[in-house]
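K.L.:
My structure is below; once you've seen it, I'll send some questions.
The values are calculated or read from the model by the stated rules, or taken from the named source; none is laboratory data. Treat the numbers as computed from the prediction; the structure is a model and nothing was measured. Note: ideal-geometry Cβ built from the backbone for every residue, glycine included; neighbour counts use all protein chains shown. These accessible areas exclude ligands, DNA and RNA; they are computed on the full protein's heavy atoms, side chains included. Shrake-Rupley method; radii C 1.70, N 1.55, O 1.52, S 1.80 Å.
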Amino acid sequence: MSGDTHGGDRIDFRNGTFRGEAIGKKVEHHHHYGPMPHVEDALPPAAVEFTGRDEELGSLLTALAPAGAGRAPVPVTAVVGLGGVGKTALAVRAAHTARERGWFPGGALFVDCHGYDESPAGSEQLLEALLRALGVAAAHVPGTLDERAGLYRSVLAERARTSGRVLIVVDNASHPGQVRPLLPGHTAHRVLVTSRDTMPQLGAHVLHLDILGPEVARDVLHGALRTAAPADRRVLDDPGATMRLCELCGGLPLALQIAAALLISDPGKPVAELVSELAGSATLLDHLDDGERGVRAAFDLSYRRLEPEPARLFRFLALAPGSETSDEAITVLCGAGALPRRELNVLIRAHLVAPGSVRGRWTLHDLVRAYALDQVSGQEALRQEGALARARLLAQYQRRAEAADWYLQARVGRAPAAGFSGREEALSWLERERTGLVSAALWAADPAYARAGLGLALRLHGYLSWQRYFDDAVSVFRCAVETAGALRDGLSAGKAWNCLGLALRNNRRIEEAVAAHTRACEIHRERGDRLEEGRTWDMLGISLTEARRFDDAIAAHERARELVHACGDTQAEASAWNNLGRARFKLGRFEESVVALTRAREMFRSVGDRFREATATNNLGRSFRETGRLEEALAAHTTARAVFEELGTRERVATAWNDSGTALSALGRWGEAVDAHLRAVRAYQDLGDRHRQAVAGNDLGVTLRRAGRRDEARDEHLCALRLFRELADPHGEDETLRHLAAVAETERLGEAGNR
């Protein structure tokens, strides 16, 4: 598969000559307007290895095929896409195939417009070259554009009558003005255009050519190496390195060809070695150059054509965080009051920018982004312009994220003025901007954005936990911890360590979570901040409970309660009571647990925290169940679930369903209990929470066993056992094995009773 720069025979408008020896037949030059020559051999040779474009080739051939019954002819077809994506190779292959099928008995012409060179060909030059190719002597070529276009159409009309349809391939056009005079008047002929710009003015059937997928990109590399040396197995012998090389090339055919050429020129070089060179290069684009072709040079041609404002937007898009950029982020980066739609459309038409995964989001190819960033880094004025743009976006993200978190946490008081009408809209904004927010928070690693990036990271804590983006949270807060340390900001450092601890705990990395919260405790104690220290002891206690260090957990929560009570923070004290109740429950101290959780529920209610009140209520239901207060337990779980459903906390809804199932099972309401557990298992599965899925699966198995459905019970426990083993959770594994033993014992007793 070749890129856009294609060698071979073509019309060279620069010296007015026509070369046509593609398959060994010389084309005569006629110096008078007489019998027309055969131009069927004027196409450049097709690429030897043409891989991965079967669907696109089929679409192109459908457009070029002779008009059938009920199908109107399409006079112009355009293949458009990013520089280096393989437009010329596809067009040439389609043209050859069409000729082989006899669709264009009148021949085929090929002209290169050099549309993105410093001196593109003018329509007059292109028409002169085409007329000369069609047998018009130089002396008979008219002087004006209109006269040349008229003669060109006349010659093609005569060829349609005498020889049949002609295909004109117009390669590398940059403007509809280059192409329009080359369109034949006779409806029999077809024009196939390649361009980096969409050029909707031509009214063409448009085929947008995209990059290659990973598997196809691998095949392109393998095909190129195999063509040079049939015994070359480097791609097959190291599939991992090959796929990484395809990633570095971004699936761009031109980059893949250059990478293949670099390997071909050094037959002893392993693929992994080339990957290491490219991945370790600060200037990847400079390395993707084989001496004749270069990715940077291909992009230069497109960038130089941009006017100042589209070029400025192009650079800002490269500076944007994340793989996709929203309309809102673009507007802020530009410092404009509205989306710069005209400039964006210019970039879209030039295929420098592509639509993202959803409407209103935009993306750059990785190599295009690298090119644009290189443009920024090369000039001090552009670096300063980019720094200001990023600062604007960070400030906007901080302000909006803080307001969104206020709604997400259902805080009391006056809502921040950030344009959200309520919680649903705030959460929707966070979801839309998630990749940008996370990436911008990681800018904290850059000293230029350390303070703003750290502030944004801390504002994302509630959202990332609420939506269970735990991997993102670990990355964000590891960066935040390092940044806060570098800034010598003790308060932020302690908060960042706590956020990291919570993310690690949610990822079931419990001992790491304990260590993170312990470090946060030390920081706040050294600062003399008793309130933050107390809150941190409370979080540490939760992780200690997960580590099954229950006595240590109780001590941590009691210490937390003392510190926050002395500071007069009712909400923090309520949290300490709630978590103390959970730890006491784990130790089997159920009556004491009821006392602590009742206290927590009332304190949360007093400060208007409905979410945490519901959490304490659900926890209280468990303690009611263990003290024989089954109806109160079920009522507590039902009440809590209603609040969680209203607030949209899916994980807590699942937890309340599972706890309801356990209470229903204790009441002997087996069918309802099984249904409740099943709802929980499926919800956890949808959430990707394998640990809680396994816990709920075990609870479902217990209920099924008590209902006499032993085979189903065994299946649920076996599923839970598999999950716990995958999670390397020995306690969960041991507990599941006990449940399986109980199922076996029930079966044994049943068989003994039958005897």
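K.L.:
Per 0.36 nm of contour for each residue apart, how much would the distance between Ala67 and Arg101 grow if the chain were fully extended, relative to their Cα-Cα spacing?
P.N.:
Here the segment from Ala67 to Arg101 would lengthen by 10.8 nm.
K.L.:
Quick one: what Rg and Dmax do you get for the range 317-473 from the alpha carbons, in Å?
P.N.:
Values for the range 317-473 (Cα only, Rg and Dmax): 16.0, 50 Å.
K.L.:
May I ask you to evaluate 6.51 cos²θ - 1.76 cosθ + 1.60, the Karplus curve with θ = phi - 60°, for each residue of the range 471-482 and list the ³J(HN,Hα) values in order in whole Hz, giving x for glycine and proline?
P.N.:
In residue order, the calculated couplings are 5, 4, 4, 4, 5, 5, 7, 5, 5, 5, 4, 5 Hz.
K.L.:
How high is the relative contact order of the chain, in percent, counting Cα pairs under 8 Å that sit 6 or more residues apart? Numbers along the way, then the final one.
P.N.:
Details: 1255 pairs, mean separation 49.4, N = 755.
This gives 7 percent for the chain.
K.L.:
What per residue convex hull volume, in Å³, comes out for the chain when only alpha-carbon positions are used? Intermediate results must be reported in sequence, preceding the final value.
P.N.:
On the way: hull volume 170.1 nm³, N = 755.
Dividing the Cα hull volume of the chain by its residues yields 225 Å³.
K.L.:
I'd like to know how the range 280-391 sits against the 2.2 N^0.38 Å rule of thumb: what's its Cα Rg over that expected value?
P.N.:
Numbers: Rg = 13.8 Å, N = 112, 2.2 N^0.38 = 13.2 Å.
Here the Cα radius of gyration is 1.05 times the empirical estimate.
K.L.:
Compute the distance in nm between two label points, each set 7 Å from the Cα along the Cα-to-Cβ direction, one at Arg451 and one at Asp711.
P.N.:
Between Arg451 and Asp711, the simple spin-label model gives 6.9 nm.
K.L.:
Sticking with this one: Assign one of three labels to the range 229-272, namely rounded, prolate or oblate, based on the Cα gyration tensor with a ≥ b ≥ c the square roots of its eigenvalues; rounded applies when a/c is under 1.5, prolate when it is not and a/b is larger than b/c, and oblate otherwise. Walk me through the numbers on the way to the answer.
P.N.:
Details: a/c = 1.97, a/b = 1.28, b/c = 1.54.
It is oblate, given that a/c is not under 1.5 and a/b is not larger than b/c.
K.L.:
Still on this model: State the Kirkwood hydrodynamic radius of the range 443-600 in Å, one decimal place, computed from all pairs of distinct Cα atoms. Please list the in-between numbers first.
P.N.:
On the way: mean 1/r = 0.0635 Å⁻¹.
Evaluated over the range 443-600, this radius sits at 15.8 Å.
K.L.:
Looking at the chain, what % of its DSSP beta bridges pair antiparallel, to the nearest 5?
P.N.:
Details: 8 of 28 bridges.
Percent antiparallel among DSSP bridges in the chain is about 30.
K.L.:
Moving to a separate point now. Got a sec? What order do Arg161, Arg610 fall in by accessible area at 1.4 Å, biggest, i.e. largest, first?
P.N.:
Values: Arg161 175, Arg610 105 Å².
Ranked from most to least accessible, the order is Arg161, Arg610.
K.L.:
Rolling a 1.4 angstrom probe over the protein chains, ignoring ligands and nucleic acids, what is the accessible area of His739 in square angstrom, nearest 10?
P.N.:
For His739, the solvent-accessible surface is approximately 40 Å².
K.L.:
Provide, for the chain, the number of lysine pairs with alpha carbons under 30 Å apart, each pair being eight or more places apart or on different chains. Intermediate values should be presented prior to the final figure.
P.N.:
Values: Lys25/Lys87; Lys26/Lys87; Lys87/Lys269; Lys495/Lys586.
Lysine pairs, 8 or more places apart or on different chains, close enough: 4.
K.L.:
More than 20 Å apart: what percent of Cα pairs in the range 326-391 qualify? Provide the component values of the computation, followed by the final result.
P.N.:
On the way: 691 of 2145 pairs.
Of all Cα-Cα distances in the range 326-391, 32 percent exceed 20 Å.
K.L.:
Let me ask something additional. Within the range 86-130, whose backbone N sits under 17 Å from a point 7 Å along Cα→Cβ of His208?
P.N.:
86-87, by backbone N distance to the label point.
K.L.:
Between Leu388 and Ser276, how high is the FRET efficiency from 1/(1 + (r/R0)^6) when r is the Cβ-Cβ distance and R₀ = 41 Å? Nearest 0.05.
P.N.:
Values: r = 36 Å, r/R0 = 0.88.
With a Förster radius of 41 Å, E is 0.70.
K.L.:
Helix-derived [θ] at 222 nm for the chain: sum -39500 (n - 2.57) over DSSP H runs of at least 4, divide by residue count, nearest 500? Let's see the in-between values first.
P.N.:
Numbers: 35 runs with 475 residues, N = 755.
Roughly -20000 deg cm²/dmol at 222 nm, from the helical runs in the chain.
K.L.:
Next question. So what's the projected area for the range 126-257, the Cα convex hull averaged over all directions, in nm²? Let's see the in-between values first.
P.N.:
Details: hull surface 45.2 nm².
The orientation-averaged projected area of the Cα hull of the range 126-257 comes to 11.3 nm².
K.L.:
Please give the FRET efficiency for Ser119 paired with Glu158, using the beta carbon to beta carbon distance and R0 = 41 Å, rounded to the nearest 0.05.
P.N.:
Numbers: r = 33 Å, r/R0 = 0.80.
After rounding, the FRET efficiency stands at 0.80.
K.L.:
What is the calculated FRET efficiency for Val595 to Arg722, with r their C-beta to C-beta distance and R₀ = 51 Å, to the nearest 0.05?
P.N.:
Details: r = 39 Å, r/R0 = 0.76.
With R0 = 51 Å, the Cβ-Cβ based efficiency is 0.85.
K.L.:
A further question follows. Enumerate the calculated ³J(HN,Hα) couplings along the range 731-736 in order (Karplus 6.51 cos²θ - 1.76 cosθ + 1.60, θ = phi - 60°), each rounded to whole Hz, writing x wherever the residue is Gly or Pro.
P.N.:
Couplings: 5, x, 5, 4, 5, 5 Hz.
K.L.:
For Ala338 and Ala381, calculate 0.36 nm times their separation in residues minus their Cα-Cα distance, and state this gained length in nm to one decimal. Write out the running numbers ahead of the final one.
P.N.:
Values: separation 43, 0.36 × 43 = 15.48 nm, distance 2.41 nm.
Result: 13.1 nm gained on full extension.
K.L.:
Something else now. Where a ≥ b ≥ c are the square roots of the eigenvalues of the C-alpha gyration tensor, would you call the range 519-666 rounded, which needs a/c under 1.5, or, failing that, prolate if a/b is larger than b/c, or oblate?
P.N.:
Details: a/c = 2.07, a/b = 1.65, b/c = 1.26.
It comes out prolate by the Cα gyration axes.
K.L.:
Next question, about the same structure. Using θ = phi - 60° and the Karplus relation 6.51 cos²θ - 1.76 cosθ + 1.60, list the HN-Hα couplings for the range 559-573 in order, rounded to whole Hz, with x at every Gly or Pro.
P.N.:
Computed from phi, the couplings for the range 559-573 are 4, 4, 4, 5, 5, 6, 5, 5, 8, x, 9, 5, 5, 5, 5 Hz.
K.L.:
Between 0 and 90 degrees, rounded to the nearest ten: what's the tilt of helix 145-162 against the longest Cα principal axis of the chain?
P.N.:
In the chain, helix 145-162 runs at an angle near 80 degrees to the longest axis.
K.L.:
Amide H of Val193 versus every other amide H placed in the peptide plane: which residues, excluding those fewer than 5 positions away on the same chain, fall under 5 Å?
P.N.:
When sequence neighbours closer than 5 places are left aside, the close amide H contacts are Thr77, Ala78, Val79, Val170.
K.L.:
May I pose another question? Starting from the residue with the highest accessible area, list Ile542, Ile330 in decreasing order, probe 1.4 Å. Please report the intermediate quantities before stating the final value.
P.N.:
Details: Ile542 25, Ile330 5 Å².
Sorted by accessible area, descending: Ile542, Ile330.
K.L.:
Relative to the longest principal axis of the C-alpha atoms of the chain, give the angle of the C-alpha long axis of helix 239-248, reported between 0 and 90° and rounded to the nearest 10°.
P.N.:
70 degrees
K.L.:
Starting with the highest mean, order 639-650, 430-441 by the number of other Cβ atoms within 10 Å, averaged over the residues of each peptide. Let's see the in-between values first.
P.N.:
Numbers: 639-650: 17.7, 430-441: 21.6.
Top of the packing list down: 430-441, 639-650.
K.L.:
Further question on the same structure: Relative to the longest principal Cα axis of the chain, at what angle does helix 423-432 sit, 0 to 90 degrees, rounded to 10?
P.N.:
The helix 423-432 is inclined about 40 degrees to the chain.
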